[in-house]
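Student: Structure below; questions to follow.
The values are calculated or read from the model by the stated rules, or taken from the named source; none is laboratory data. Computed from a predicted model, the values in this text were never measured in an experiment. Note: ideal-geometry Cβ built from the backbone for every residue, glycine included; neighbour counts use all protein chains shown. What goes into the accessible areas is simple: the full protein's heavy atoms, side chains included, and nothing from ligands, DNA or RNA. Shrake-Rupley method; radii C 1.70, N 1.55, O 1.52, S 1.80 Å.
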Amino acid sequence: MANIEKKDISMHYDFKEIEKNWQEFWAKNETFKAENKSDKPKYYVLDMFPYPSGAGLHVGHPLGYIASDIYARYKRHKGFNVLHPQGYDSFGLPAEQYAIQTGQHPAVTTAANIKTYRRQLDQLGFSFDWSREVRTSSPEYYKWTQWVFIQIFNSWYNKDTDKAEDVERLIAKFSTDGTANVNAVCDDDIESFSAADWKSFTDVKKQEILLQYRLTYLADTEVNWCPALGTVLANDEIVNGVSERGGHPVIRKKMTQWSMRISAYAQRLLDGLNTVDWPQPLKDSQTNWIGRSQGASAVFNINGHDEKIEVFTTRPDTIFGVSFMTLAPEHELVAKITTPEQKAEVEAYIEATAKRSERDRMADVKTISGAFTGAYAEHPFTKKPIPIWIGDYVLAGYGTGAVMSVPCGDQRDYDFAKHFKIDIPNIFEGVDISEEAYSDKDQTIIANSDFLNGLPYKKAMKLAIYELEKLGQGEGKINYRLRDAVFSRQRYWGEPFPVYYVEGMPQMIAPEHLPIKLPEVDKYLPTETGEPPLGNAEVWAWDVNKSAVVSNELIDNKTVFPLELNTMPGWAGSSQYFNRYMDPHNADEIFSKEAIDYWQDVDLYIGGSEHATGHLLYSRFWQKFMFDKGLVPKDEFAKKLINQGMITGTSAFTCKITDFILTGSETEASDDLILDLGDQEEAVLKLKKLQENFGNTFISFDYLEETYEKQFRKFPIFVRAKEIPVLSSKLLTLDLSDDISFVINPIHVDIDLLSKIKEGSTIKYTDELESEMFYNWRAENEDSILIFNEDSKFKVYREVEKMSKSKYNVVNPDAICEEYGADSLRLYEMFLGPLEQSKPWNTAGITGAHGFLKKLWRLYHSGAEGAFAVSEDEPSKDSYKTLHKTIKKVEEDIENFSFNTSVSTFMIAVNELGSQKCNSRKVLEPLAILVSPYAPHIAEELWKQLGHEGSISTVDFPKFEEKYLVESSKEYPVSFNGKMRFKLELPLDLSKDEIEAAVMAHEKTEKQLQGRTPKKVIVVPGKIINIVG
RNA sequence: GCAGGGAUGGCGAAAUGGCAACCGCAGCUGGUUUAGAACCAGUAGUCUGAGAGUUCGAAUCUCUCUCCCUGUACCA
């Protein structure tokens, strides 16, 4: 193609030139800038806040962005004032880890990553209003994160009004009535006092008390400490007992930490779920996370002690079935009540459970363990003694850390009782409990239970609670699993707290002095004394006179005080960002009243389901708090939420020899086997030799394929050396017996190390490893031994997994944009399948989407040598029909977020218009608008060529008109007993009887019936005819 | 264990009670053209995971079973 021709973009579809031009046009004209004042109705479309990682985007990331962009563009065509902002959640661990390794300031790497991200986003043609961009790590932004924190600190939760209120109100109540009329969500161990007491307290004491009520408070908390990361993690940052990021072990540790009293909002967070249009699985996981259970608390006296055991139970109706009590090993009463005889056993048990890591306890739920304390509790009604045990199946962190054990009604209690031979009384009428506990509630009739005899579950429960209350030994209670959220992190790259300490008590810095900027440090690791990284800062003290951050040397604890060394967690900055977008550059307020009143809330929120119990729960909490304070008009921030499905990639694995089994027949690990062998020393030597020769060895997958199939398609694979001649002969040359087995495990390799073949225009990955590239890939592979197959090739094992950098199976969108353009990529990503389902990526298929765009272009360029040619003629009836059925379908599809089906609708339309040789403006103009949300660049270009000035983006969406689709006749499928046999064209205005007559008179009907008389003829006008008989 | 989702050509999928497989990829045949490619015309496949039920009619609704995916788990 000559260069001259290439410049004339009207001649052929030059997507590179088109996309570049229009991206420049949009940026220059601020086409997508949203105004905070408009006569149009508002619509707010938001993508979940991206963290700008160093790896950049892969093809899985834009899926949600493309969907939300189509919707935003569609809403603009529909006359809405659309807010579609984007920004960066730019504080976070990866940048800090990188800083620790390289010494580079996280701000520098973050800025570089954002640049890459922005370039990649821009190249996809998204209609973001970039004038509203925010970054959580910029002081202008985190000023307001700090500001919200101060508001939360200055609030308490009043149960009477069921909302957050200013702490001043609480102080006023204390001053007039003491704690008498205070009904607050607060710490468990609060003291009661009178108004006079309050006035007599010292200032420090008052502050201490208030901390027990504030919605964010400082307290010694059992936290999940991750030694490898040097920080505390929230529950949702831990997966399977190890850190979500990096997979490091996590231990429990007591530390003084900021916490958020999210538990105050447990019920409202639950109730709010009924008011939002969010996916059910997401709602379910929040419901489970909050974990409401209704029941009763019951207090058991302990024989010979003043202390009492309080338990929470959801089955107070089974209280006569209690045959023992179980305390968590960590329970504070354990040490006090244990008898001298049982002391040794109990202490040994506590020590043993403490040693078991969280991970072991999770992996091993079957083993029953516990110890008897020697002490007895007293049953509230029967007054009989009940033995008190400890067991690690009772969790210290849930309820009171103690349970009343009812073995006949709870399987865990049942197993425990069986194991320790404790009595299992049956309190259910007509139920056999000799094999397992009976936990069904609905059909239960209580027996052997004094005043509860003969009652069903619900009535028994009410009566039991009533009787407990009468005794003063219990009450009806609702318990939540949701714990207060730890809000401190021992990290550098996060929001600093606007907090300094006077006599150990936290003080807020006045809002007018915000932001408190993150100080500079020499290194990003904890200090030698174990303080968080901010402990390395030299200028990190607060001067109350100057109202400024000053050098640590000036700390005198009179006018200059130390500042908080922790920083805020990742979710701090993302919990209000959707509101800040409404007025992102406001320096005086978090957002103006006009802005929040106009935009209200997010209408459509699109993002991944991994945020279900983290970001999406915390944000709802902050929003409800802001609502209580009258700052926002809605107490739920997002009306509708969609989780886009993930894109999967085909990972490649090399099969590595990871272990040896000396007997050759068993599938046991080598450690266990040594014990069985006569000559241990010989075995050790043998293993050593094997390790030396096969320690870093990989084997081509085709040797293993058969064995893999046989072993239930699971790794590790156990193969006998004898079965693989290459291995067997190598063993023999090493003077080793081939009567051994190898244990083989898969190790990820980058799919870029596979050899590629060109197939048509696309590049396809094979299952073959390029060995030279493999040796050079990573240092540890340099000396690797590859065992090739008979054809001297090395095959890898392939498996479909979530596309992820860590799995080395990512496909980069840059190369695809380069070859096919953003419009092709956008269409293809939507074409793959339903938005919410996960689907595999296959780059080869993109040619279909690209081919469609070329055909679309040709519709408008039917002139000589592909020149632009559009006629002013009236389109044919068929063309009108094609257009209007397309309008109808595309509109329905977008409203239902069914983007994949509208792409195929476009393809059909273009194929039909092509064969109709349609080039009428009256059809092609609306068609360009229909396509524009999906493929905006080509649509803009065609719009311009059609002679329009300015962007297509706010042109009215074409109006569907039914009249073009009205048909006068219908080709009826004629079925016999439900099977379609032939078709018959009949006018649509025939009545049922007329249709039946016409069908029965038809010769083919006679042929089908072969003389039989039909029992019944079903006629559904406009649809189908079915003849039975 | 519990909760949710799913199973349709070789692959991704469409059809939500009425003609199964629109559309695309891959395949095959032919044409045209090329340095490579592109383009055009045509074409095959299989019977909706298994079994039962409701119905004139079921991929679709109901029940049972099998398998897969995702989330979650000693929560009293």
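Student: Using only Cα atoms and rounding to the nearest 10 degrees, what angle (0 to 90) does helix A:899-915 make with the longest principal axis of chain A?
Tutor: With rounding to tens, the tilt is 0 degrees.
Student: Using a 1.4 Å probe on the protein chains only, how many percent of the accessible area of chain A belongs to carbon and sulfur? Before the final figure, lay out each step's value.
Tutor: On the way: 23460 of 47710 Å².
Answer for chain A: carbon and sulfur cover 49 percent of the accessible area.
Student: Continuing with the same structure: Using helices alone, what [θ] at 222 nm do you get for chain A, with -39,500 (n - 2.57) per DSSP H run of 4 or more residues, divided over all residues and rounded to the nearest 500? Don't jump to the answer; show the numbers that get you there.
Tutor: Numbers: 34 runs with 349 residues, N = 1029.
Taken over chain A, the calculation gives -10000 deg cm²/dmol.
Student: Next up: Ordering A:Glu705, A:Glu140, A:Glu790 by how much accessible area each has at a 1.4 Å probe, largest first, what is the list? Could the numbers behind the result be given before it?
Tutor: On the way: A:Glu705 85, A:Glu140 125, A:Glu790 160 Å².
If we order A:Glu705, A:Glu140, A:Glu790 from most to least accessible, we get A:Glu790, A:Glu140, A:Glu705.
Student: If you place +1 on the Cβ of every Lys and Arg and -1 on the Cβ of every Asp and Glu, how big does the dipole about the Cα centre of segment A:967-1028 come out, in debye to the nearest 20?
Tutor: That gives a dipole near 460 debye.
Student: For segment A:293-480, what is the Kirkwood estimate of the hydrodynamic radius, computed as the reciprocal of the mean inverse distance between distinct Cα atoms, to one decimal in Å?
Tutor: It works out to 16.8 Å.
Student: Beta carbons within 10 angstrom, averaged per residue: use that to sort the peptides A:941-949, A:775-783, A:131-139, highest first.
Tutor: A:131-139, A:941-949, A:775-783
Student: If you put +1 on each Lys and Arg Cβ and -1 on each Asp and Glu Cβ, how big is the dipole of chain A around its Cα centre, in Debye rounded to 20? Don't skip to the answer; put the middle values down first.
Tutor: Values: 118 positive and 155 negative charges, 610 e Å.
In debye, rounded to 20, chain A gives about 2940.
Student: So how much slack lies between A:Ala172 and A:Ser755, counting 0.36 nm per residue of separation and subtracting their Cα-Cα distance, in nm?
Tutor: Additional length available on full extension: 202.4 nm.
Student: Where does helix A:822-831 land angle-wise versus the long Cα axis of chain A, in degrees 0 to 90, nearest 10?
Tutor: 70
Student: Here's another thing I want to ask about it. What is the calculated FRET efficiency for A:Glu469 to A:Val502, with r their C-beta to C-beta distance and R₀ = 60 Å, to the nearest 0.05?
Tutor: Efficiency for this residue pair is about 0.85.
Student: Give a quick list of trypsin sites (Lys or Arg not before Pro) in segment A:475-570 that DSSP marks as loop, anything other than H, G, I, E or B, with at most 14 other Cβ atoms within 10 Å.
Tutor: A:Lys517, A:Lys523, A:Lys546, A:Lys558
Student: How large, in Å, is segment A:818-964 by the Kirkwood hydrodynamic radius built from its alpha-carbon pairs?
Tutor: Taking the inverse mean of 1/r over all distinct Cα pairs, segment A:818-964 comes out at 15.7 Å.
Student: While we're on this one: Calculate log10 I(q)/I(0) of segment A:967-1028 for q = 0.12, 0.14, 0.17, 0.23 Å⁻¹, where I(q) comes from the Debye formula with a single equal point scatterer on each Cα and nothing for solvent.
Tutor: -0.24, -0.33, -0.49, -0.91
Student: Restricting to DSSP loop positions (anything but H, G, I, E, B) with no more than 12 other Cβ atoms inside 10 Å of their own Cβ, which trypsin sites (Lys or Arg not before Pro) remain in segment A:850-943? Provide the component values of the computation, followed by the final result.
Tutor: Working: sites: A:Lys854, A:Lys855, A:Arg858, A:Lys877, A:Lys881, A:Lys885, A:Lys888, A:Lys889, A:Lys917, A:Arg921, A:Lys922; in loops: A:Lys917.
Answer in residue order: A:Lys917.
Student: Can I ask one more? Using the Cα gyration tensor of segment A:771-882, with a ≥ b ≥ c the square roots of its eigenvalues, what is the shape: rounded (a/c below 1.5), prolate (a/b larger than b/c) or oblate (neither)?
Tutor: Prolate shape, in that a/c is at least 1.5 and a/b is the bigger ratio.
Student: Restricting everything to alpha-carbon atoms, can you work out Rg to Rh for chain A with a Kirkwood hydrodynamic radius?
Tutor: 1.02
Student: Please list A:Asp597, A:Asp628 from largest to smallest accessible area, probe radius 1.4 Å, with all protein chains kept in place.
Tutor: A:Asp597, A:Asp628
Student: Are there any GluC sites (Glu not before Pro) in segment A:453-519 that are in a DSSP loop and have at most 13 other Cβ atoms within 10 Å? List them by number.
Tutor: Hits after loop and neighbour filter: A:Glu503.
Student: Okay, next question. Sort A:28-38, A:97-107 by the packing proxy (mean of other Cβ within 10 Å over each peptide's residues), most packed first.
Tutor: A:97-107, A:28-38
Student: Shifting gears a bit: Keeping every protein chain present and rolling a 1.4 Å probe, give me the accessible area per residue for chain A in Å².
Tutor: Details: 47710 Å² over 1029 residues.
Using a 1.4 Å probe on heavy atoms only, each residue of chain A averages 46 Å².
Student: Roughly what % antiparallel, to the nearest 5, for the DSSP beta bridges in chain A? Show your work: numbers first, answer last.
Tutor: Numbers: 104 of 130 bridges.
The antiparallel fraction comes to roughly 80 percent.
Student: Moving on. In nanometres, what is the gap between the two model label sites at A:Ala219 and A:Ala352, each 7 Å from Cα along Cα-to-Cβ?
Tutor: Placing both labels 7 Å beyond Cα along the Cβ direction yields 3.3 nm.
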